[in-house]
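Student: Next up is a structure, given as structure tokens.
Each reported figure results from applying straightforward, stated rules to the coordinates on display, with no laboratory input. Please read these numbers as outputs of a predicted model, since none were measured by experiment. Using ideal geometry, Cβ is built from the backbone for each residue, glycine included, and neighbour counts are taken over all protein chains shown.
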């Protein structure tokens with residue numbers, strides 16, 4: 001399985017930084033500060049262009065209405081290390097991590113490293129997806145399971161979404177597929193096995209895709225609004241979807257996979 005970019009979201013709620021900004025170059029755009037070490041000017045220009053495009057595209061794709069605009073001092077920060085070793089030394093992320101995010105009331109920072117192959121198309125939209133989703137459903141919302149948070153983030157990656165069916169059919173064939181009950185309890189952050197972690201991410205994006213494509217974007221927005229307001233997953237689900245239980249959602253999702 002091709003794992004271009006696996007990610008780790010850091011949900012800390014007090015301002016923190018892994019790098020001394022005095023040692024970094026900085027580029028600015030309407031909604032972003034981009035800090036970098038030795039990346040080329042062309043690469044940074046492409047980062048800014050892609051980030052600005054994703055800023056509007058992701059919210060529109062999910063159907064979210066913005067109330068928190070990333071302007072002036074509220075701009076998001078992107079730190080781009082020169083290589084994976086520097087990124088991992090600074091952020092203490094596992095070997096499989098290509099990006100991480102720090103999210104708080106006054107904090108939205110993305111950390112990654114120069115990766116021509118995967119940064120612009122996978123890492124950047126994934127991490128921005130985390131921020132935009134958390135701003136909508138609430139930063140410290142116990143009703144939001146990790147698989148949903150990661151599924152929404154992975155939904156922004158075209159390559160992962162396109163390969164999901166193939167990856168999951170292989171996981172089923174090899175008896176590595178996890179049911180929804182397992183996904184609720186699964187925590188990839190302490191695992192070194194990138195294959196198992198990759199299956200978790202792929203199942204997560206498959207579930208989000210099932211909810212959005214199967215029932216429409218408006219239903220998904222309603223579901224997220226109920227998650228934000230009711231702060232209870234099962235009540236939010238029942239208010240937006242025709243599932244009386246998590247088991248019913250699981251059965252409908254797995255049936256859709258078999259029918260593909």
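Student: Mean residue ellipticity at 222 nm from the helices of the chain, using -39,500 (n - 2.57) per DSSP H segment of n ≥ 4 over the full residue count, to the nearest 500 deg cm²/dmol?
Tutor: Rounded to the nearest 500, the figure is -16500 deg cm²/dmol.
Student: Moving on to the next point. If you line up the Cα atoms of region 14-143 on their principal axes, what length do they span on each, largest first, in Å?
Tutor: 36, 30, 28
Student: Work out the FRET efficiency for residue 229 and residue 84 from their Cβ-Cβ distance, taking R0 = 41 Å, and round it to the nearest 0.05.
Tutor: 0.55
Student: Can you give the angle from 0 to 90° between the axis of helix 41-62 and the longest principal axis of the chain, with both taken from C-alpha atoms, to the nearest 10?
Tutor: Helix 41-62 sits at roughly 30 degrees to that axis.
Student: So how much slack lies between residue 173 and residue 72, counting 0.36 nm per residue of separation and subtracting their Cα-Cα distance, in nm?
Tutor: Using 0.36 nm per residue and subtracting the Cα-Cα distance, I get 31.3 nm.
Student: What percent do you get for the relative contact order of region 53-205 when only Cα pairs under 8 Å and 6+ apart count? Don't skip to the end; give the middle numbers.
Tutor: Working: 174 pairs, mean separation 32.9, N = 153.
Result for region 53-205 is 21 percent.
Student: Just want to confirm a number: the relative contact order over the chain, from Cα pairs under 8 angstrom separated by 6+ residues, in percent.
Tutor: Relative contact order of the chain: 19 percent.
Student: Right, something else. Measure nothing but the geometry: give the 0 to 90° angle between the long axis through the Cα atoms of 158-173 and the longest principal axis through the Cα atoms of the chain, rounded to 10°.
Tutor: The helix 158-173 is inclined about 40 degrees to the chain.
Student: Which whole-number percent of Cα pairs in region 170-222 have a distance greater than 18 Å?
Tutor: Working: 558 of 1378 pairs.
In whole percent, the share of Cα-Cα pairs in region 170-222 beyond 18 Å is 40.
Student: Would you mind ranking 26, 47 by Cβ crowding within 10 Å, fewest neighbours first?
Tutor: Starting with the residue having the fewest Cβ neighbours, the order is 26, 47.
Student: If we restrict to alpha carbons, what Rg and Dmax does region 146-259 come to, in Å?
Tutor: Here Rg and the maximum Cα pair distance are 13.7, 40 Å.
Student: Please list the radius of gyration and Dmax for region 79-142, considering alpha-carbon atoms only, with Å as the unit.
Tutor: For region 79-142, the Cα-based Rg and Dmax read 12.3, 36 Å.
Student: Want the number for residue 260 to residue 57: 0.36 nm per residue separation, take away the alpha-carbon distance, what's left?
Tutor: In short, 70.3 nm is gained.
Student: Would you work out the relative contact order for region 146-259, in percent, from Cα pairs under 8 angstrom that are 6 or more residues apart?
Tutor: 30 percent
Student: Quick check on the exposure proxy: order 71, 183, 92 from fewest to most C-beta atoms within 10 angstrom.
Tutor: 71, 92, 183
Student: Among DSSP beta bridges lying fully in the chain, give the percent that are antiparallel, nearest 5.
Tutor: Antiparallel bridges: around 40 percent, rounded to the nearest 5.
Student: Could you tell me how far the Cα centroid of region 116-175 sits from the Cα centroid of region 224-258, in Å?
Tutor: 18 Å
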